[in-house]
Amino acid sequence: MNRHAFLPGKPGGWIAVAAAFALLGCLAAVMNAQTQSSNAPAKTETATIGGGCFWCAEAVFQRIPGVKSVVSGFAGGTVANPSYEQVCTGTTGHAEVIQLKFDPTVISYDKVLEIFWEAHDPTTLNRQGNDTGTQYRSIILYSDEAQKKAAEASKARAAKNFKAPIVTEIAPLKAFYPAEDYHQNYYNSNKNQGYCQIVITPKLRKLIQEGVIPQGKE
């Protein structure tokens with residue numbers, strides 16, 4: 001069809017014009033849908049884990065590709081909305097944990113757990129290094145049956161890599177309470193602090209050397 005066919009004075013001209021506009025409308029709708037689809041936020045999943053001091057765990061997982069956010073907090077206990085000072089007494093039943101959101105198309109829950117085993121010592125009961133107390137216990141808190149089964153299977157696989165038995169607790173997540181603001185993004189904001197230099201920085205360097213954390217992410 002040539003451009004003259006669209007002239008109103010030609011037989012069927014208005015029909016052709018209407019058809020052309022209808023076609024353009026369909027194309028515009030398709031392109032708009034594709035744009036909205038490509039701009040839609042990626043679906044994320046949640047993992048809640050504890051491996052001693054949450055400053056350390058947070059710093060590790062903030063450097064893992066596919067992890068979208070990490071929040072330090074408390075879980076596994078019986079006291080609602082506990083303060084850091086309360087948890088430190090060891091009477092709340094809570095452990096220091098992190099809750100992370102991750103993109104499952106980039107990193108799987110199984111891979112998150114694999115890094116979890118590599119980032120702490122799951123064979124020491126209620127202790128990580130010089131940090132002692134039930135609040136520093138190794139723990140995986142699952143959100144559903146799929147996560148429970150994945151955690152149990154991952155623990156069994158990881159056991160082959162340790163000489164001592166793994167004492168990590170696997171329990172349902174009943175509630176997660178974010179810690180105070182000054183605990184969030186702690187390492188990134190306090191790299192010159194003594195604990196960060198003595199404990200966290202060497203851990204990150206070790207994990208970078210082992211290929212757990214990508215190069216240049218210290």
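Starting from the amide H of A175, placed 1.01 Å from N in the peptide plane, find each other amide H under 5 Å away whose residue is 5 or more places distant or on another chain.
Residues meeting the amide H criterion: G76.
Eigenvalues of the Cα gyration tensor times 5, then square-rooted: what semi-axes does that give for region 64-124, in whole angstrom, largest first?
Gyration-tensor ellipsoid for region 64-124: 26, 14, 8 Å.
Using modelled backbone amide H atoms (1.01 Å from N, in-plane), which distant-in-sequence or interchain residues come within less than 5 Å of S138's amide H?
It is N126, R127, E169, by chain and number.
Choose one of N161, T134, L173: the residue whose Cα lies farthest towards the positive end of the charge dipole of region 45-209 (beta-carbon charges +1 Lys, Arg; -1 Asp, Glu; about the Cα centre).
Selected residue: N161.
Could you tell me what a quarter of the Cα convex hull surface of region 45-209 works out to, in nm² with one decimal place?
Projected over every direction and averaged, the Cα hull of region 45-209 covers 9.1 nm².
Going highest first, how would you order 137-148, 95-106 by mean Cβ packing within 10 Å?
95-106, 137-148
What are the ³J(HN,Hα) couplings of region 138-153, residue after residue, when phi is run through the Karplus curve with 6.51, -1.76, 1.60 and θ = phi - 60°? Round to Hz, x for glycine and proline.
Each residue of region 138-153 in turn: 7, 8, 10, 10, 8, 9, 7, 5, 4, 5, 4, 5, 5, 5, 5, 5 Hz.
Can you give me the C-alpha center-to-center distance between region 90-151 and region 163-218, rounded to a whole angstrom?
Centre-to-centre (Cα) distance: 11 Å.
Determine, for Y177, Y136, the number of other Cβ atoms within 10 Å of each Cβ, and report the residues in order from fewest to most.
Ordered from fewest to most neighbouring Cβ atoms within 10 Å, Y177, Y136 come out as Y177, Y136.
For a protection proxy built on the mean count of beta-carbon atoms within 10 angstrom, sort 42-54, 183-195 highest first, please.
Per-residue mean Cβ counts within 10 Å order the peptides as 42-54, 183-195.
Please list, in chain and number order, the residues 5+ apart from N185 or on another chain whose amide H is under 5 Å from its amide H, with Hs placed from the backbone.
The answer is S72.
Residue by residue through region 195-206, what is 3J(HN,Hα) from phi via Karplus (6.51 cos²θ - 1.76 cosθ + 1.60, θ = phi - 60°)? Round to whole Hz and write x for glycine and proline.
Residue by residue, region 195-206 yields 4, 5, 6, 7, 10, 6, 4, x, 5, 4, 4, 5 Hz.
Coordinate-derived values only; no laboratory data. Treat the numbers as computed from the prediction; the structure is a model and nothing was measured. Heads up, the Cβs are rebuilt from the backbone with ideal geometry, glycines too, and the neighbour counts pull from every protein chain shown.
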